[in-house]
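Undergrad: Right, I'll just put the structure down here and ask away after.
The values are calculated or read from the model by the stated rules, or taken from the named source; none is laboratory data. Note that the coordinates shown come from a computational prediction; the quantities given were computed from them, not determined experimentally. Because the Cβ atoms are built from the backbone with ideal geometry, glycine has one as well, and the counts that use them run over all protein chains shown. Note: accessible area is taken over every heavy atom of the protein model, side chains too, but ligands, DNA and RNA are not part of it. Shrake-Rupley method; radii C 1.70, N 1.55, O 1.52, S 1.80 Å.
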Amino acid sequence: MTLDEGGRFDVAGRFVREHGGPIQRDETEDAVSARYRGSVKDNTMTLEIVLEGAGGETVGPFDLTLGGKARLMKCR
C-alpha cells in the first residue's frame, strides 16, 4: 500500500463477512469487492471500507493507533 503526499490511500481488496458459530463444510464465503480508503498521520490510521455492489455501503470509519490497546467486546 502506497500513501500519497498527504498520507492518504485508496486500494482495492475483498471484504468477507463472518458470522458466529461453526462454518459448514459446503458454506459459500460471503465476500464482496471493496475499496479500503483512509489516511495515516503520525501513529494513527483512519480507515473506511466501501463495499462495491452493495449500494456503496460503508463500514467504519475506524481510528487505529499503532501500539494502542484493542477494545474487544463479546457479541450477545
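Undergrad: Give a quick list of trypsin sites (Lys or Arg not before Pro) in the range 15-71 that DSSP marks as loop, anything other than H, G, I, E or B, with at most 13 other Cβ atoms within 10 Å.
TA: Sparse-neighbourhood loop trypsin sites (Lys or Arg not before Pro): 25, 69, 71.
Undergrad: Send over a whole-number figure in Å² for the accessible area per residue of the chain, probe 1.4 Å.
TA: Dividing the accessible area of the chain by its residue count gives 86 Å².
Undergrad: Amide H of residue 52: which non-local residues (sequence gap of 5 or more, or other chain) have their own amide H closer than 5 Å, using H built in the peptide plane?
TA: HN-HN under 5 Å from residue 52: 33, 34, 35.
Undergrad: As a test of reading the structure, rank 3, 66 by solvent-accessible area (1.4 Å probe, protein chains only), most first.
TA: The most accessible residue leads, giving 66, 3.
Undergrad: Here is a further query. Mind telling me which of 55, 21, 38 comes out most flexible in a GNM of the chain, alpha-carbon contacts under 10 Å?
TA: Comparing 55, 21, 38 in a Gaussian network model of the chain, the most mobile one is 21.
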